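Working notes, structure below.
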């Protein structure tokens, strides 16, 4: 098995997620380390859940619409974060708006800083309970990564890249994605943070 | 830790399930062995999902109503059954009607044969693709367990026991159950076959 990231025979996993999704948080925080242990490359695939939910006739997250499920989910998150040793604070706003940082993520999903970038926004939302959707908030994160924030933000909103997030969301829908996180390994779909390990094992078994 | 089932200090887990639920099948087939390994007693709690789903405004299982999710679930079941080494055949009817065997299960949920009884109906539904809802079909299973089938069936439909299933379903709803399987351990709710091991560990940690 090769450790060369440009080796196209190296197994890979597609990680479809969004910053507003709490179960995506659990996967975002651990996927790169877990994938590296299996020799699997992560392809970060940001998309918006809102349009997917709307296509089912839902006006919001099922965790908001179904009260009993919603009440359970926050208890589950507390226990899951403890299990994985990931910090957790119940967000005051759920789902937290994140279209701007998601737009940047979609526009630069192949860049080497994408994993660090995503973990910062996930941490802000689900561990620090901070808003993340303004030009200033995103710019600060980009600058913290050593990037030229205005250049990156303007590029994400340019004609060449501004539709990346919309196109990714359409692709998610076309491929039958109905929630997040969702993984694809060797053409098979795995849904939910609870399937991350199965998906990685399936990806790695290709060698 | 005591192995005496009448010892009320022994940890226990409530297992809320229904015969029509495919993810309940995964738990029903393995819960007693898994619980025994942890010194935990299983309390079988049959209930009907239909009235719970109706209370959300759903006319059927979400796996039927949401086409993308439904398509995924059968692939997931295939992989999960392989992982747990449990037989699997896609049922021709989903969700398969099972009110009569569920009524018997609710009426005799504390009897020592309940685990074997439930595994037979789960196997018929999800491994053999057989119908399970007639007086004859349920009677045959009871007789196979060495029981007096007509006596058991009539007792399950008697004034004393005929409301057990309805009462269990009302209790499920009152306790915030929104799907199956659901487990309760030391007062905490755990939802889904993916949480069975966590729930058992939590139950056992009480000692």
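Worth a mention:
- Evaluation of residue A:24 against (1) in contact with a strand residue (DSSP E or B) (Cβ under 9 Å, 6 or more places away or on another chain); (2) surrounded by fewer than 16 Cβ atoms within 10 Å (Cβ to Cβ); (3) under 30 Å from residue B:203 (Cβ atoms) (one fails), failing number: (2)
- Test: residue in region A:190-202 that is outside any helix (DSSP H, G or I), modelled with pLDDT of 95 or more and over 16 Å from residue A:44 (Cα atoms): no
- Filter pass, residue B:178 being under 28 Å from residue B:138 (Cα atoms) and facing another protein chain (nearest Cβ under 10 Å): yes
- Wholly enclosed helices (runs of 4 or more DSSP H) of region A:44-88 bearing at least 2 residues more than 12 Å from chain B (Cβ to nearest Cβ), in contact (Cβ under 8 Å) with a residue 40 or more places away in the chain and more than 25 Å from residue B:197 (Cβ to Cβ): A:49-55
- Hey, residue A:111 under 15 Å from the mean Cα position of the chain (by Cα), free of Cβ contacts under 8 Å to residues at least 12 places away in the same chain and surrounded by fewer than 20 Cβ atoms within 10 Å (Cβ to Cβ) or not: yes
- Of the set (1) surrounded by 18 or more Cβ atoms within 10 Å (Cβ to Cβ); (2) within 14 Å of another protein chain (Cβ to nearest Cβ), all apply to residue B:40 but (2).
- Count of residues meeting criterion [over 30 Å from residue B:74 (Cβ atoms) and within 13 Å of the chain's Cα centre (by Cα)] in region A:154-192: 1
- The single condition among (1) modelled with pLDDT under 95; (2) touching a strand residue (DSSP E or B) at 6+ places or on another chain (Cβ under 9 Å) that residue B:35 does not meet is (1).
- Criterion: crowded, with 17+ Cβ neighbours inside 10 Å and not in a loop (DSSP other than H, G, I, E, B) - qualifying residue of B:153, B:147: B:153
- Checklist (1) within 16 Å of the chain's Cα centre (by Cα); (2) in contact (Cβ under 8 Å) with a residue 24 or more places away in the chain applied to residue B:134, failing item: (1)
- Residue in region B:59-93 that is surrounded by the fewest Cβ atoms within 10 Å (Cβ to Cβ), counting only those that are at pLDDT below 95 and farther than 23 Å from residue A:49 by Cα: B:59
- Residues considered: B:128, B:100. Of these, the only one that is in a helix (DSSP H, G or I), more than 25 Å from residue B:41 (Cα to Cα) and in contact (Cβ under 8 Å) with a residue 12 or more places away in the chain is B:100.
- Selected residue [within 14 Å of chain B (Cβ to nearest Cβ) and closer than 17 Å to residue A:110 by Cα] from A:190, A:183: A:183
The values are calculated or read from the model by the stated rules, or taken from the named source; none is laboratory data. Values in this document were obtained by computation on a predicted structure and should not be read as measured data. Quick reminder, even Gly has a Cβ in these numbers, built from the backbone with ideal geometry, and neighbours come from all protein chains shown.
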